[in-house]
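FYI, it's all coordinate maths here, none of it is from the lab. Computed from a predicted structure; not experimentally measured. Because the Cβ atoms are built from the backbone with ideal geometry, glycine has one as well, and the counts that use them run over all protein chains shown.
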Amino acid sequence: MVEVKSKSGVCPFMKAPMEDCYCRSLSSENIEKAFDFCSGDYEACEIYRNVFNAHDVVSARANKNSVAVIGLATGSERISQLQARQELAMQVMELLENNPSARNMFRDFIFMLRSFCAVNDITLYILDGDNHLHQEIVGCQGDEVTELIVPTKLECICGKILDGEILDATLTRNDTGVYWTNDRTNLSSDTAVGLNACINTCCPEQACGSLALIPVRYQGRIVGVVRINDPRSDLFTLDDIRFLDGLCSALSVIVGRARAERNREYAEMIVDTLKSPIAVIDGDFVYRKANVEYLRMVGQTDAGIVDRKMADVVGDEVFASVYRPLIDRAICGERVREKVSLDFCDHPDTPCDLRCIPHFDAEGAVDAVIVDIHVLD
């Protein structure tokens, strides 16, 4: 009898696969697993099950009928509100520690924030990088999270904040640059038009209620805005604004990871196009990436080298005498270049120019070393 595997659908991580996802590297070893899990029974996949799941957090919170983390609260309700804030902060910390894909982290953060705030909708605008040519928009209304990439500058109020403009006095502003109002009917006509100028469905037009615009900073610059809408008036207290401002600072960490991920993806693309042998080694001297020329040099396949110790591939003696001293210096942040002799599968004792280049993560630490080998004539 032929076994029929259950199908739960396409894994939600397929849009932004993690480094260890089977679909990210379709080697002969991973193809069957990608079919079984990535486009099949993803809920049974150990990778999927071990990643932070915001939906589980929100479901558990709904079962407890918890108090919202914003809004005026007194007495026992205030105690419950403070406990909910602590729970949200702890969940955000766990998100930062356990979810390796920045794109999924943006989604999970906004989804949890909307649930814990119990507001109508929340939208996040994040610039793609220093060139500001694209914006990623992550919106959450109810239990639905939507994503959109905008290839032009935003014309709404959020776009003005990203450009560093100071808005008019009908929006209250604190010292850290958070704008808010508890009564949108008191806003100037220009501000009201600007708030409803969004070019997407994440922020529907709204004439009354409360609004908060919280800037997201990265390396001293405003790179994003969190927009919180609700039809209720008098929603925010000054304490709420301080809490939301502090909580949204976690987004700067995610922005850093997102840019580091994109830089790493670009680096991997470049590695594949170069003709000289190149490999990427992490701080534990484990292969993370190797191009075709490097694989040919060591007589290995991609599946036979990735996740293996470098010493196991090139040999303990060669690793200790040639590679290790240079990689150690690169891990300390130094760009290293030396002439060495290496054994290729088809050309033993080949004179080479060996370069070890440190790769820095978003926090400025070396997370990998690029080993670049040039054969000398």
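Structure data summary
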{"read-out": "Proportion of all alpha-carbon pairs of the chain beyond 34 Å (%)", "value": "42"}
{"read-out": "Which listed pairs, of LYS153/LYS275; LYS275/LYS309; LYS309/LYS339; LYS64/LYS160, have C-alpha distances above 28 Å, in listed order", "value": "LYS153/LYS275; LYS64/LYS160"}
{"read-out": "Extended-chain gain in nm, criterion 0.36 nm per residue less alpha-carbon gap, LYS275 and ILE222", "value": "15.1 nm"}
{"read-out": "Acute angle (nearest 10 degrees) that the helix 238-248 long axis makes with the longest principal axis of the chain, alpha-carbon atoms", "value": "20"}
{"read-out": "Principal-axis tilt of helix 102-117 within the chain, Cα atoms, nearest 10 degrees", "value": "20"}
{"read-out": "Magnitude of the charge dipole, the chain, Cβ model with Lys/Arg +1 and Asp/Glu -1, debye to 20", "value": "740"}
{"read-out": "Folded to 0 to 90 degrees: helix 75-98 orientation relative to the chain principal axis, Cα", "value": "20"}
{"read-out": "Sum of -39500 (n - 2.57) over DSSP H runs of 4+, divided by residues of the chain (222 nm, nearest 500)", "value": "-10000 deg cm²/dmol"}
{"read-out": "Calculated FRET efficiency for the pair ILE149/VAL292, C-beta based, R₀ 30 Å, to 0.05", "value": "0.45"}
{"read-out": "Options ASN63, SER188, ASN174, ranked by Cα towards positive dipole end of the chain, top entry (Cβ charges)", "value": "SER188"}
{"read-out": "Qualifying GluC sites (Glu not before Pro) for region 140-237 [loop in DSSP, other Cβ within 10 Å: at most 16]", "value": "GLU155, GLU165, GLU205"}
{"read-out": "Three-way shape label, region 69-258, alpha-carbon gyration tensor, a/c 1.5", "value": "oblate"}
